[in-house]
Every structure is written in C-alpha cells, then in structure tokens.
Amino acid sequence: NVFFLMLVSVMATGQSLSSEEIIPALKNGGYTIFMRHAQAPAELPTEATASPGNTTLERQLDEKGRSDAIAFGEAIRRLGIPLESIESSPSYRTRQTARLAGLTDVTIRDYLLQEETEIPESVLIPMRAALAIKPESGNQLLISHSGNISAIFPDLDPYISQGEAIIIDPAISISIPLARILITDWQNF
C-alpha cells in the first residue's frame, strides 16, 4: 500500500508527513492524536471571570481557545475522522477543550495531568501503555499538557503549542511523530 511505503520512508528519514498526507490516514483510523489543550492563559480566573463549572478556579480557555476548540470539533466531524476513544487530563482546561469540541464519552485519566518537565516513571508507564494501544476502529484522542507531551517527545522542536496535536502510529513507534497539526489548521482541510 502506498501509504505504508510513505510511512516507512518517513521513519527512515526522520521526516514528518504533511497535514495533507495524514488526514486521509486518520479517516481510516488506527492512530493516536496526542493533543495539548486549547489556548489557556497562565493567569487564574477570579470567581467573577471563571467559566461556568470552573468552581476550583483553574486555568481556563480564553476566547481564542474556546473558539479554536469549537472549530476543532467541527473539523473532526466534517472531515469524517472517527474517534474510538477520547481521554483527557482531569484539569478544567483539557475537559473544557473536549466539551467545546462537542466530544462525548470522555474518560478522565490522571496520568494525562502532568505539566512538569520531570515526570515520574510511575506516570510515564501508564501513559506509554495508552499510547501503545492501536485503535481497532477509529483513532484515539488524548488531551493533555505540554509536560506529558515533552516527556514522550523530548526532542520536539519547536516546542508544543497550545492546541497542537502530535499524530503517532502506535504500530510503528510511540516516540516518533508522524505529523504535527496546529489546532487552527484542522479547519483548513
């Protein structure tokens, strides 16, 4: 198959697939979309500025982040990219990203919460195990934070942007990204 040969070439040369090349593959399923939450400023909200449901006053998406999350969900549905499973960190901003994208049946996973650069092996083990699962029908979407993504991809350059997704093929490698897609790029396909 032509796509398999393209993947072998990517693995051999260390190059990534373009977004235009990865979208048809995602429509067939079997991949992991490892995504950082949509744009959320570092400043914590006050009771007056907190989004509905943000009772613990955690970081939350700003207007651009909310708009991008909505557009991401619309693009996933319009493109016909099937999602077999959706997992999120328990943080408000990751759950808000999923909710605004219109994603349902989201499973909360504590190991996706890590934001630190030094992540303990006790967290990396279940995260690597989740990344190694090749979805049977559809794709796996994990919504997480920069610390987790950087732990799996320590040589990522440039650094992972808010809302950016790393696409991996668990059958090939969980540590070599096939593609990177900014949250604003999904709507352009």
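The values are calculated or read from the model by the stated rules, or taken from the named source; none is laboratory data. Everything quoted here is computed from the prediction, not taken from an experiment. Don't worry about glycine lacking a Cβ; one is built from the backbone with ideal geometry, like all the others, and counts go over all protein chains shown. All accessible areas refer to the heavy atoms of the entire protein, side chains included, with ligands and DNA or RNA removed. Shrake-Rupley method; radii C 1.70, N 1.55, O 1.52, S 1.80 Å.
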Subject >> Among Asn139, Asn54, Asn148, residue whose mean-square fluctuation peaks in a GNM of the chain (springs only between Cα atoms under 10 Å) >> reply: Asn54
Subject >> Inter-centroid distance (Cα atoms) of region 96-152 relative to region 174-188, Å >> reply: 15
Original post:
What is the extension gain from Glu115 to Phe189, computed as 0.36 nm multiplied by their sequence separation minus the C-alpha to C-alpha distance, in nm to one decimal?
Top reply: 23.6 nm
Subject >> Tensor-based shape of region 139-189 (alpha-carbon gyration tensor, a/c under 1.5 rounded, otherwise prolate or oblate) >> reply: oblate
Subject >> Residue with peak Gaussian network fluctuation, the chain [Cα springs, cutoff 10 Å], from Ser137, Ser85, Ser122 >> reply: Ser122
Original post:
Taking a probe of 1.4 angstrom, what is the accessible area of Glu121 in Å², to the nearest 10?
Top reply: 100
**OP:** Report, in degrees rounded to the nearest 10, the 0 to 90 angle that the Cα long axis of helix 19-28 makes with the longest principal axis of the chain.
**Re:** 90
Original post:
Got a number for the accessible area of Lys64? Probe 1.4 Å, square angstrom, nearest 10.
Top reply: 90
Subject >> Summed residue charge, Cβ within 14 Å of Gly102's Cβ, Lys/Arg positive, Asp/Glu negative >> reply: +2
Original post:
Where does the chain land at 222 nm, in deg cm²/dmol rounded to the nearest 500, when only DSSP H runs of n ≥ 4 count, each adding -39500 (n - 2.57), divided by all residues?
Top reply: -10500 deg cm²/dmol
Subject >> Residue among Gly80, Gly147, Gly53 with the largest mean-square fluctuation in a Gaussian network model of the chain, springs linking Cα atoms under 10 Å >> reply: Gly53
Subject >> Accessible surface of Thr55 - all protein chains present, 1.4 Å probe, nearest 10 Å² >> reply: 120
